[in-house]
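A quick write-up on the structure given underneath.
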Amino acid sequence: MGSQGEKLICVVGATGNQGGSVARRFLAAGFRVRGLTRNPTSPRAQELVSRGAEVVQANLDDPASLDRAFAGANVIFSVTDYWEPFFHPECRKQAEAKGISYRRFAYETEYRHGKNIADAAAKVVDSLDVNGFLVSTLSHAGKCSGGKFKELYHFDSKADVFPAYVEEHYPELAAKMSCIHTGFFYTSFNILPNSYFGKLPDGRVEMAFATDPTKVVPQLAPVDDMGSFTYAVWQMPPGKSYMAAGTNCTWPETIETWSKITGIPASYRQVSPEEMIAACGEPQLGGEITDMFLYTSHPGYDGGMKLLQAEDIRKAGIDCPMTTWEEWARKQDWVAILARLHGNSQ
């Protein structure tokens, strides 16, 4: 433990998948952990308290609450959420009142949250470790695609802040920042059951995306591995960009592994954008998701960037355990999962 027992990490979204994983890993490493959440009395917040974390109330729309929460921080972990405002009924009403799509409204919300985090972090830059600003982000689809994808909002809302806004406005903070891109979550089938595990009349299962079947994609177990990966990144020099992934493989290889584990015949089919949009159930969700799967074909989910992965961290002599898709999938109760997914999708 050593001097790490005196170090303070402030974790945004400490009760979420990524933030919770980070909080638990840094607690295990002997850090003082201050978790930020809107509701410190929630079961997840109290579970962190029981592990020894300090949990404080903070709201990403309240900059003053972030200033208080970040006081004395040696490390800050930042994560923002596009999908909560996207799906929230009140946000959709506000989008309609503004005369914009709720895709765009969710972009504006996530961008504002990220900007508020960066502004507050810049105020404590002097107390941060040399690699003390660890941010969860994605590639900039608009720039990386040469303007082809102008509305892949849940990518650009992150990248427009981390790193663009930080680099432009806070060079000292940027010098202490590491950007952690996250791969496709292993759990994303919960949002897209028909696309991940479509049930065919003969009992077979079909994975159907708009992505080129030869394209390798990064995939991640966020609850299991985001903490371990972020802790490993903290030990690296600052100013680098990473892809958090436990497995890199094509979608046909993904479903082949799943078929081997479950014994259920399954295959992959590349579908048209129109078919994928229809499978998502509503046009704006379908548009956002389908753009992501098309972007994954070219220039790639990582935007064609040269991002470091766990293997590169290990080559630097730093432990960085990750969970493969096969390891994760073998632990799941697929009979129960499929019953729930297919029940919801009928």
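So between GLN235 and HIS298, what do we pick up on full extension, going 0.36 nm a residue minus the alpha carbon distance?
Gain on stretching GLN235 to HIS298: 19.5 nm.
Stretched out fully, how many nm does the piece from LYS98 to ASN59 gain, at 0.36 nm a residue minus the Cα gap?
Fully extending the segment from LYS98 to ASN59 adds 11.8 nm.
Over 29 Å between Cα atoms: which of LYS176/LYS331; LYS176/LYS315; LYS98/LYS123; LYS158/LYS306; LYS148/LYS260 fall into that group?
LYS176/LYS331; LYS98/LYS123; LYS148/LYS260
For GLU47 and LYS260 in the same chain, what is the full-extension length gain: residue separation times 0.36 nm, less their Cα-Cα distance, in nm?
Values: separation 213, 0.36 × 213 = 76.68 nm, distance 3.61 nm.
Here the answer is 73.1 nm.
Out of HIS298, GLN235, LEU60, whose Cα points farthest toward the positive end of the dipole of the chain (charges: +1 Lys, Arg; -1 Asp, Glu; placed on Cβ)?
GLN235
How far apart, in nm, are the 7 Å Cα→Cβ label points at GLU90 and ARG68?
2.0 nm
Calculate the dipole size of the range 84-146 relative to its Cα centre from +1 charges on Lys and Arg beta carbons and -1 charges on Asp and Glu beta carbons; express the result in debye to the nearest 20.
Dipole of the range 84-146, to the nearest 20 debye: 340 debye.
May I ask you to evaluate 6.51 cos²θ - 1.76 cosθ + 1.60, the Karplus curve with θ = phi - 60°, for each residue of the range 139-153 and list the ³J(HN,Hα) values in order in whole Hz, giving x for glycine and proline?
Going residue by residue, I get 6, 8, 5, x, 6, 5, 9, x, x, 5, 9, 9, 10, 8, 5 Hz, with x marking Gly and Pro.
Determine the calculated [θ] at 222 nm for the chain from helices alone, applying -39500 (n - 2.57) to every DSSP H run no shorter than 4 residues and normalising by the residue count; nearest 500 deg cm²/dmol.
Per the formula, -12500 deg cm²/dmol.
Could you tell me which of rounded, prolate or oblate describes the range 278-346, using a ≥ b ≥ c as the square roots of the eigenvalues of the alpha-carbon gyration tensor, with rounded for a/c under 1.5 and, failing that, prolate when a/b is larger than b/c and oblate otherwise?
Numbers: a/c = 4.53, a/b = 1.32, b/c = 3.43.
Oblate.
Running a GNM on the chain with Cα contacts under 10 Å, which residue among ALA118, ALA29, ALA310 ends up with the highest mean-square fluctuation?
Among ALA118, ALA29, ALA310, the largest GNM mean-square fluctuation belongs to ALA29.
So the label point goes 7 Å from the Cα of ARG269 along Cα→C-beta, right? Which residues of the range 203-228 then have their backbone N under 15 Å from it?
203-211, 213
Could you tally the net charge around GLU110, taking each other residue with its Cβ under 13 Å from the Cβ of GLU110, Lys/Arg +1 and Asp/Glu -1?
Once all neighbours under 13 Å are counted, the net charge is -2.
Can you pull out the trypsin sites (Lys or Arg not before Pro) in the range 148-213 whose DSSP state is coil and whose Cβ has at most 15 other Cβ atoms within 10 Å?
Answer in residue order: LYS148, LYS150, ARG204.
Mean-square fluctuation check for the chain, GNM, Cα pairs under 10 Å: which of ALA64, ALA210, ALA159 is largest?
Looking only at ALA64, ALA210, ALA159, the biggest GNM fluctuation is shown by ALA64.
So if I take the centroid of the Cα atoms in the range 7-46 and the same for the range 103-177, what is the distance between those two points in Å?
About 21 Å separates the Cα centre of the range 7-46 from the one of the range 103-177.
Among the GluC sites (Glu not before Pro) within the range 188-268, which fall in a DSSP loop and have no more than 12 other Cβ atoms within 10 Å of their own Cβ? Don't skip to the answer; put the middle values down first.
Values: sites: GLU206, GLU253, GLU256; in loops: none.
Passing sites in the range 188-268 do not exist.
Assuming R0 = 51 Å, what is the FRET efficiency of LEU200 and ASP126, from their Cβ-Cβ distance, to the nearest 0.05?
0.30
Using the Karplus curve 6.51 cos²θ - 1.76 cosθ + 1.60 with θ = phi - 60°, what ³J(HN,Hα) values do you get for each residue of the range 39-54, in whole Hz, with x for Gly and Pro?
10, x, 9, 5, x, 5, 5, 5, 5, 5, 4, 5, 8, x, 7, 8
Output wanted: per-residue J couplings in Hz (rounded whole) for the range 264-277, from phi through Karplus 6.51 cos²θ - 1.76 cosθ + 1.60, θ = phi - 60°, x for Gly and Pro.
Here the 3J(HN,Hα) series is 9, x, 8, 8, 10, 9, 6, 10, 6, x, 5, 5, 5, 4 Hz.
Fewest to most neighbouring Cβ within 10 Å: what's the order for CYS10, CYS179?
With the fewest neighbours first, CYS10, CYS179 line up as CYS179, CYS10.
Which semi-axis lengths, in whole Å and largest first, follow from the square roots of five times the eigenvalues of the Cα gyration tensor of the chain?
Equivalent-ellipsoid dimensions as semi-axes: 33, 23, 20 Å.
Read the figures in this text as sums done on the coordinates, not as results from a lab. It should be emphasised that the depicted structure is a prediction, and the values quoted were computed from it without experimental measurement. Ideal geometry is used to build each Cβ from the backbone, glycine not excepted, and the neighbour counts take in all protein chains shown.
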